[in-house]
Amino acid sequence: MRAEQEESSGYQRVVLKNASPYHYMKVHLVLEDDSTRLSAVELKHFIITGLKNLYGEVGAALNFDVLKYDEDTLTALLRVSSRGLVKLWSSLTLLGFYQNQACAFRVLQVSPFLLALTGNSRDLQLD
């Protein structure tokens, strides 16, 4: 009886499959020339071009949305189906040039919950 109690009180690993249909990504585009600006439409076209270069026509058909975009900071909030997260992330990582100038996407945050991206504990100012 004592051995059964010790076994049942031991460590139990619980793995939950993510049932969220979408993932949200907060990304920042770093350009070589800081004066270059993109509109939201140009940003989406640039990302689709990266998907097409890496995965072909089928990859370019990946559904994602630009939910929010700030032209001043070049920061965007993207929504992608959970199945397409790795494809989008890898294509963003491999994009290296925009109009013949070096660029890089920095993935700031990723979450299956949109609310999780509204704040960032790293930006908190503690008194």
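The values are calculated or read from the model by the stated rules, or taken from the named source; none is laboratory data. Worth saying up front: this structure is predicted, and the values here are computed from it rather than measured. In this analysis, Cβ positions are derived from the backbone assuming ideal geometry, glycine residues included, and neighbour counts consider all displayed protein chains. The protein model used for the area step is the full one, side chains on, heavy atoms only, and it has no ligands, DNA or RNA in it. Shrake-Rupley method; radii C 1.70, N 1.55, O 1.52, S 1.80 Å.
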Worksheet item: Filtering segment 46-89 down to residues that are among the β-branched types (Val, Ile, Thr) and more than 18 Å from Leu29 (Cβ to Cβ), which residue is farthest from the chain's Cα centre (by Cα)?
Response: Val58
Worksheet item: Is it the case that Arg122 is among the charged types (D, E, K, R) and at pLDDT 95 or above?
Response: no
Discussion item. Scan segment 59-66 and tell me whether some residue there is surrounded by 17 or more Cβ atoms within 10 Å (Cβ to Cβ), among the aromatic types (Phe, Trp, Tyr) and within 18 Å of Cys103 (Cα to Cα).
Written reply: no
Response to the item:
Residues in segment 92-105 that are in a helix (DSSP H, G or I) and not β-branched (Val, Ile, Thr) total 2
Worksheet entry | Check on Leu108, touching a residue at least 24 places away in the same chain (Cβ under 8 Å), part of a strand (DSSP E or B) and open to solvent by 80 Å² or more (accessible area, probe 1.4 Å) | yes
Practice prompt. Taking the residues in segment 70-91 that are in contact (Cβ under 8 Å) with a residue 40 or more places away in the chain and in a helix (DSSP H, G or I) as candidates, determine which candidate is most open to solvent (accessible area, probe 1.4 Å).
Written response: Trp89
Discussion item. Is it the case, given these coordinates, that Gly56 is more than 25 Å from Ser20 (Cβ to Cβ), surrounded by fewer than 16 Cβ atoms within 10 Å (Cβ to Cβ) and either at pLDDT 95 or above or of a type outside the set (S, T, N, Q) (or both)?
Written reply: yes
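Is it fair to say Tyr55 is in contact with a Pro (Cβ under 8 Å, 6 or more places away or on another chain), aromatic (Phe, Trp, Tyr) and closer than 18 Å to Val86 by Cα?
The answer is no for Tyr55.
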Response to the item:
Those residues of segment 92-101 which are open to solvent by less than 40 Å² (accessible area, probe 1.4 Å) and touching a Gly at 6+ places or on another chain (Cβ under 9 Å) amount to Leu92, Leu95
